[in-house]
Structures are given as C-alpha cells and as structure tokens.
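Values quoted throughout were computed directly from the atomic coordinates according to the rules given, and no laboratory measurement underlies them. As the structure is a prediction and not an experimental result, all values here were calculated from the model. We place every Cβ from the backbone using ideal geometry, glycine too, and count neighbours over all the protein chains shown.
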C-alpha cells in the first residue's frame, strides 16, 4: 500500500462527494433512563400494589381505567388529585403539560420588528443585606 491510499487519503472513488455526509442519520439519540421510565409507566400495576390503595381510590381507578390500570394512569391520577387538593406544584405541572409553559412576549418595534420571548427564571429569596462592595486598595 502506497502513501496515496491510506485511511487519511482514501482513493477518489471512496471519498465523500461534496455535500454528502458519511453518517446521514447522525449519531443515534440515547435516552436510557427516559426509555426505561416510559416502559415502566406502560406496565400494569400489580394487584398487590392496588390492594394497598384506599378502597375509594381503587374503585375510582377501576371506573376510569378498567381492570388493569398502568403506572402512568396512577401518576396522572395522583397528580390531578394533588392539584385538586390545592398543591400548587402539582397544578403547575398539570398546566405546563396540558397548556405548555407560560412565556411572556415583549414586542419591540425596531427596524426589523423583532419579537423577543422572555422565559421567566426562578427568583431568589430576599437577602437581609445587600452584598458589600469590594474595597479597592
């Protein structure tokens, strides 16, 4: 094998054509934890776990989802239940999932007419005293 046909410099017929990728599909996306959670949420809840629920919850789940509710059904049911009891975090999660996260739009009438979307950030609790200014020597 001569120097002209190494891996760094393959023959002309084996080189990529302009605009052609060596991996058109790209690197496969891996989400092993997410994939596992999706599988578990689709599984039916074992009878032993259903027996530990309060009778009214068990009968309500049976009315809603039939004889074999899944873990996904249970999570949705419990989230809705908590939101109805006044749990703000559960309510926010439900609304974010159903309606989408709330964004604020600010219109800017510039030369181009750019529309900016501001995403609200969590604010820190109030500090009793502002941080001290650095002393310069």
Listing 12, 93 by rising number of other beta-carbon atoms within 10 angstrom, fewest first, gives 12, 93
So the FRET efficiency between residue 63 and residue 96, C-beta based with R0 = 22 Å and rounded to 0.05, is 0.20
Length gained, residue 14-residue 43, 0.36 nm per residue minus C-alpha separation, equals 5.6 nm
Most exposed to least, judged by fewest other Cβ atoms within 10 Å, 41, 50 sort to 41, 50
Per the C-alpha gyration tensor (a ≥ b ≥ c, the square roots of its eigenvalues), segment 24-105 is rounded if a/c is under 1.5, else prolate if a/b beats b/c, else oblate; here it's oblate
The residues 80, 45, sorted from fewest to most surrounding Cβ atoms within 10 Å, come out as 80, 45
